[in-house]
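Colleague: Mind looking over this structure? Questions follow.
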Amino acid sequence: KSDGTRVIISEGSIARYIVTEQLARFDVPNDAIGSTNHINGFLRFNDDGTIDEGGSRFRVDLRTLKSDKVRRDAYLRNNTYKSDRFPFAEFAVLEARGLQWPLPTEGEAIFQLIGDMTIHGVTAPLTWNVNALFKTKGANSQATTNFRFGTFGMEIPRLLFILSVEDNIQLELDLVLDIVNTY
């Protein structure tokens, strides 16, 4: 029996959040964007193309997220996702819906990763929309999802200089992937 195929998140990958906020000193809303390159993990496929649920997960170190505002970063770390207690966002992949098997060696693929996300100590089902460009032994992909703050028990940031924050967090992953066939 073989160990199947592994897709490994490699160096050069980036995770980011985007939240629309209205600050008191500006007339129009703007997007707060924070990012980190502290992301790792992998997908492991069984020989039949199904996901090996125990071996397919990725994680982002929330303590390393940085935006254009140091005050925002500190507030989010300390109050919103409380990264001292919950340092990681983790996604356990259960299914790769719409992804052809065997994995392509070239060309574009659009599919969904379905699984369970844990942020702030709360786990909820989540679906990522993925657009991947496959090449020999690897791929580059962008994955996106969104959810409300309350999905993971987080409170919407409320400060005097913030008039409003939209109750929608968009997450994006720009992934550089290595594909290893272990048979």
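The values are calculated or read from the model by the stated rules, or taken from the named source; none is laboratory data. The shown structure was predicted, so the numbers you read here are calculated from the model rather than taken from an experiment. Cβ: placed from backbone, ideal geometry, glycine included. Neighbour counts: every protein chain shown. For accessibility, only protein heavy atoms count, side chains too; no ligands or nucleic acids. Shrake-Rupley method; radii C 1.70, N 1.55, O 1.52, S 1.80 Å.
Colleague: Once Lys and Arg get +1 and Asp and Glu get -1 on their Cβ, which of Val130, Ile156, Val60 lies farthest toward the positive end of the dipole of segment 29-183?
Modeller: So the residue we want is Ile156.
Colleague: With the dipole of the chain worked out from charges on the C-beta (+1 for Lys and Arg, -1 for Asp and Glu) around the Cα centre, which of Gln112, Phe91, Thr50 lies farthest toward the positive end?
Modeller: Farthest along the dipole direction, towards plus: Phe91.
Colleague: Once you place label points 7 Å from the Cα toward the Cβ at Arg71 and Ala124, how far apart are they in nm?
Modeller: So the two model labels end up 2.8 nm from each other.
Colleague: Moving on to the next point. In nm, give the distance between the simple-model label positions of Ile33 and Arg148, each being 7 Å from the Cα along the Cα-to-Cβ direction.
Modeller: Roughly 2.7 nm, to one decimal.
Colleague: Could you give the size of the charge dipole of the chain about its Cα centre, using +1 on the Cβ of each K and R and -1 on the Cβ of each D and E, expressed in debye and rounded to the nearest 20? Each step should come with its number before you reach the end.
Modeller: Working: 20 positive and 24 negative charges, 117 e Å.
Charge dipole of the chain: 560 debye, to the nearest 20.
Colleague: Roll a 1.4 Å probe over the protein heavy atoms and report the accessible area of Lys135 in Å², nearest 10.
Modeller: Near enough 100 Å² of accessible area.
Colleague: Same structure, new question: So, R0 is 45 Å and r is the distance between the beta-carbons of Ser164 and Glu108; what FRET efficiency does that work out to, to 0.05?
Modeller: Details: r = 38 Å, r/R0 = 0.84.
It comes to 0.75.
Colleague: With runs of 4+ DSSP H residues as the only contributors, calculate the mean residue ellipticity of the chain at 222 nm using -39,500 (n - 2.57) per run, divided by the residue total and rounded to the nearest 500.
Modeller: -500 deg cm²/dmol
Colleague: Moving on to the next point. Given a Förster distance of 45 Å, report the FRET efficiency between Gln22 and Glu53 from their Cβ-Cβ distance, rounded to the nearest 0.05.
Modeller: On the way: r = 41 Å, r/R0 = 0.91.
With a Förster radius of 45 Å, E is 0.65.
Colleague: Let me ask something else about it. Roughly how far apart, in whole Å, are the Cα centres of segment 145-183 and segment 106-135?
Modeller: Here the two parts' Cα centres lie 12 Å apart.
Colleague: Quick check: pseudo-label points 7 Å beyond the Cα along Cα→Cβ at Arg63 and Glu90, how many nm apart are they?
Modeller: Label at Arg63, label at Glu90, 1.6 nm between them.
Colleague: Oh, and also: Would you please report the Å³ per residue occupied by the convex hull of the alpha carbon atoms in segment 33-135?
Modeller: Output value, Cα hull per residue: 110 Å³.
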